1. Which percent, nearest 5, of DSSP beta bridges in the chain are antiparallel?
2. Straight-line reach from LYS655: which aspartates and glutamates fall under 20 Å, measuring Cα to Cα and dropping same-chain residues less than 8 apart?
3. So if I take the centroid of the Cα atoms in the stretch 234-284 and the same for the stretch 374-440, what is the distance between those two points in Å?
4. How much area per residue is accessible in the stretch 298-431 when the probe is 1.4 Å and only protein heavy atoms are counted (Å²)?
5. When a/c reaches 1.5 or more, the comparison of a/b and b/c decides; with that in mind, is the stretch 137-262 rounded, prolate or oblate per its Cα gyration tensor?
6. Excluding residues fewer than 8 places away in the same chain, name every one of the aspartates and glutamates whose C-alpha is closer than 15 Å to that of LYS464.
7. Where in the chain is the longest stretch that carries no trypsin sites (Lys or Arg not before Pro) classed as loop by DSSP and with at most 13 other Cβ atoms within 10 Å?
8. What shape does the stretch 1-53 take by its C-alpha gyration tensor, where a ≥ b ≥ c are the square roots of the eigenvalues and a/c under 1.5 counts as rounded, a/b above b/c as prolate, and the rest as oblate?
Amino acid sequence: MTLSQLVSQVPTALLKLDPRHMWRNPVMFVVLIGSVLTTVLAFADPDGFTVAIAVWLWLTVIFGNLAEAVAEGRGKAQAASLRAARKDAVARRLERDGSETEIPGTDLQVGDRVVVEAGEVIPGDGDVVEGIASVDESAITGESAPVIREAGGDRSAVTGGTTVLSDRIVVAITAAPGSTFLDTMIALVEGTSRRKTPNENALTILLSSLTIVFLLAVATLAPMADYAGAPQQTLVLVALLVCLIPTTIGALLSAIGIAGMDRLVRVNVLAMSGRAVEAAGDVGTLLLDKTGTITYGNRRATAFVAQVGLDREVLRDTARLSSLADPTPEGRSIVELALAEGAGDLPLPVGATIVEFSASTRMSGVDLADGTEVRKGATSAVLAWLDDTALPPSVESAVERISADGGTPLVVAVRPPHPAAGQVLGVVHLKDVVKPGMADRFAELRRMGIRTVMVTGDNAITAKAIAAEAGVDDVLAEATPEDKMAYIRKEQAGGRLVAMTGDGTNDAPALAAADVGVAMSSGTSAAKEAGNMVDLDSDPTKLIDIVEIGKQLLITRGALTTFSVANDVAKYFAIIPAMFVAAYPGLESLDIMRLHSPESAILSAVVFNALVIVALIPLALKGVRYRVTSASGLLRRNLLVYGLGGLIAPFVGIKALDLLFSSLFGSAL
Ligand SMILES: Nc1ncnc2c1ncn2[C@@H]1O[C@H](COP(=O)(O)OP(=O)(O)OP(=O)(O)O)[C@@H](O)[C@H]1O
Ligand SMILES: [K+]
Ligand SMILES: [Mg+2]
């Protein structure tokens, strides 16, 4: 933060003096009332002291607004560059009859299908329903490397404003104009949609209560001072009140929250709510999707292993048949492998019914017109479909070998028309690769006290093999969407906050149930809508940064609250004796500060109180540094630094200002 940044936000800070805005912050609202009151007094009796107090009370309020304005200002710059990305693209809407109509992108409706080809801007948010393309998403991510977006899998979502670099895709629009991802993002970084988080609300209530306590203390001080023969002016009582109420944290609270969101935006994560950011700081369990999260996610068929005695061509052609209408990356890779291994390029037979893959059935295939049913899928699912027959031994050993290797075995089976029995033909070997560097990052999470759990629809052996390679703490295999939900609920019932990253439509319910649900930007629209954060880089290990930023937010807020309250308590002891020493000479032993005069004591305290806010703006925005240590160690350290610092600072600061003022205006004060 530079000085010019501060100065440039002064107009915004002044606009924020609007009582309708100030009302949301009770501590600073009290200061505002105090400023108005002392200003009236200054007009009635314009002596130097009164004017000085009035001016510094106004500055106190403005400094608080300045903190918020600077925090918001950083987002505004980002919003401006995002606006530039929201180009008004022309949409090529696909009509029912297959023809195309050109319409403005802003006229698109949810459910419309649009064609986008190389060089064109995607006119709205949606899911790719046909084709595969490389897309330049730098407009939203700032990353220039193109990404692949394709129909059917977990990498199907595209964002309006990004550009197709190669090939042709058909996109089904999922967001109405005005409520697109880019619109949400702009509102978020601008802070326009920011609401107070539960913790912020709780802290605001606490700070308001403290304010009331000090208000009562100062109010009872007035008659006591009268009685003692040292009547205090209203001006002094107002100034005293402002010094005692927790103005430091009151002024910086909202800036701390905005800065937390902003730090996330800087690592390309959009948090849809501040609550999610706070929760991230307290996460105990992290659920990670295997495919696409821990592994690259483009599971590809690499081999057909037929049952002993069966021609490999039969397996190859049946596997191909079962995949002809399967748009998932797995399905398409099977068709490609079959072709490469010499299968004919025949289309799907007429009259065939497509059976789509789903995460709960874990199978896909076709039903032919003659009643023959063809399936491929997870071993247990296919065996259950075949009325619990056992696997032929040769297939069983192939399944085990593929799984132990971390691959996904897809069993292929046929069920001829009744009464002939169904039969397993063999298995397709799907391979996926664990992303590099995973084990290190999981070790880091472990040091932060977070347990990592890999969740997958794959079988237990494959899951264990991948888990061992990636270094996670636990695995949940053959997980249906319901299993994922149940696991999250169980952890939450144990008092742990759960974070989860996911990209698939089948992840959506779990993403919604998790305390922190991070959807990969590459994922499906359903996943993005269900989560409360989106990672534009689609990097699941980003959760480490997210947790750090969440912890940093909580620590910063805690540290500055400690400082603020300690500061106020210390001021009480620094200035009360100075104010009353004339009336009660017995207080002299308490008057360790030896301030010049009661007026100088009050003015110094008010000025110090205001300057502390400005001095702490950089820390509020940057955040207190987070180190990986135990929570209690951190607490102890912060109490020591910020509690003790808060106690000592006023004595030093007020004394210094008192010396300055008394040397400048000695006789007047
Ligand atoms: N296109 C498909 N056709 C048939 N079966 C499939 C297909 N894709 C996956 N399967 C089977 O279904 C199982 C579950 O797949 P799913 O995509 O739900 O989970 P996953 O990809 O292993 O895990 P996740 O996506 O949650 O990381 C897979 O292990 C595989 O056996
Ligand atoms: K104060
Ligand atoms: Mg999947």
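1. 75 percent
2. LYS655 reaches ASP568, GLU588, ASP591, GLU599.
3. 53 Å
4. Spelled out: the 1.4 Å probe surface of the stretch 298-431, per residue, equals 46 Å².
5. In terms of gyration-tensor shape, prolate.
6. Correct list for LYS464: ASP289, GLU400, ASP405, ASP432, ASP473, ASP474, GLU478.
7. 196-593
8. It is oblate, given that a/c is not under 1.5 and a/b is not larger than b/c.
The values are calculated or read from the model by the stated rules, or taken from the named source; none is laboratory data. Only a predicted model underlies this, so the values are computations on that prediction, with no experimental measurement involved. Don't worry about glycine lacking a Cβ; one is built from the backbone with ideal geometry, like all the others, and counts go over all protein chains shown. Only protein heavy atoms, including side chains, enter the accessible area calculation; ligands, DNA and RNA are left aside. Shrake-Rupley method; radii C 1.70, N 1.55, O 1.52, S 1.80 Å.
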